[in-house]
Amino acid sequence: MGFSERQTMMLEEMGIRVWMRPEPAPAPAVAPPPVARVAPAPAPPVSSPAPSPAPAPMVARVAPAPAPVQAPPRREVVLGTRPAGIESMDWPALRDAVSGCTACGLCEGRTQTVFGVGHEHAHWMIVGEAPGEQEDRQGEPFVGKSGQLLDNMLRAVGLTRQAESPERQVYIANTVKCRPPSNRNPEPQELAQCEPFLVRQIALVKPRVILAMGRFAVQSLLRSTEPIGRLRGRVHTYEGVPLVVTYHPAYLLRNPEDKGRAWDDLCLAREILDAAG
Ligand code: URA
Ligand code: SF4
């Protein structure tokens, strides 16, 4: 095994068993235990709501919370337009523009918008997908189950979302700022409507590396519909900024066998920064 004690600790932060990335070392005598799966959320009580309005989402991003007894009342929202001049807004103006935005139908179901979090001049920028239930409730990206994994992954390479220097404190944003109903995938016109906000966030942060997590981040930033597995492992660029594609943490929760590849992607991003000095 070529892992130092420190690397082993990092891998453990990410929930990676060191035996997952074996070198030609002799195989352990005993078969490794099966990969611990994330405990499935407890089934909702039998008396859970009768007519479920929406089909179960294809991609459960966060463990489904017990469904509300009643669907939230539908507000009649007249879809507006985005304010002009996003491309020259400063942080406070951009934040206000997002919080009042009604440019796509996702505004109807949100509790609040989820703008972004972290250092305004972070060296690392993380781009995810869309707020889930917890994020919608708390107004911060990646605070649910996926967020816990993301935080562990970041910690494994010495990064955090908490107050720190711009080398160590990341900036985290999503491709859409409002929660899609039932955590469904964002639709193309929703992604398109929301994109200028992300574009401006990136322009303000001026990151040295972007980590694009999952297919929607990739669609927005690279205009590519290729699978993540084909895009990861090499360096792309977005507006001159090196961009590394990796799996979305929600995917990794369902496919822990790919955590090792996500680790490689983090190391690649780290190498880019180290090489840039
Ligand atoms: N998944 C995302 O992509 N973003 C979040 O904020 C939470 C879960
Ligand atoms: Fe506006 Fe984006 Fe929310 Fe749609 S998802 S309403 S474009 S902030």
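The values are calculated or read from the model by the stated rules, or taken from the named source; none is laboratory data. Please read all numbers here as calculations on a predicted model, not as lab measurements. Please note: Cβ atoms are built from the backbone with ideal geometry, for glycine as well, and neighbour counts cover all protein chains shown. These accessible areas exclude ligands, DNA and RNA; they are computed on the full protein's heavy atoms, side chains included. Shrake-Rupley method; radii C 1.70, N 1.55, O 1.52, S 1.80 Å.
Where a ≥ b ≥ c are the square roots of the eigenvalues of the C-alpha gyration tensor, would you call segment 144-277 rounded, which needs a/c under 1.5, or, failing that, prolate if a/b is larger than b/c, or oblate? Rounded. Loop-located GluC sites (Glu not before Pro) in segment 169-277 (DSSP state other than H, G, I, E, B) with a sparse environment of at most 12 neighbouring Cβ atoms within 10 Å: 239.
In the context of the full set of protein chains, segment 219-275 has a per residue accessible area of 46 Å² (1.4 Å probe).
Using the empirical formula 2.2 N^0.38 Å as the baseline, the Cα radius of gyration of segment 179-229 reaches a ratio of 1.21. Compactness of segment 121-160, taken as the C-alpha radius of gyration over 2.2 N^0.38 Å, stands at 1.19. Could you tell me whether segment 118-204 comes out rounded, prolate or oblate from its Cα gyration tensor? Rule is a ≥ b ≥ c as square roots of the eigenvalues, rounded for a/c under 1.5, then prolate if a/b exceeds b/c, otherwise oblate. Oblate shape, in that a/c is at least 1.5 and b/c is the bigger or equal ratio. A simple spin-label model places the labels of residue 225 and residue 267 3.4 nm from each other, with each point 7 Å out along Cα-to-Cβ.
Entry comment: accessible area of segment 71-173 is 46 Å² per residue, from protein heavy atoms only and a probe of 1.4 Å. Share of segment 76-213's accessible area from carbon and sulfur, percent, 1.4 Å? In segment 76-213, the share of accessible area belonging to carbon and sulfur is 48 percent. Once both labels are positioned 7 Å from their Cα atoms along Cα-to-Cβ, the gap between residue 237 and residue 276 label points is 1.1 nm.
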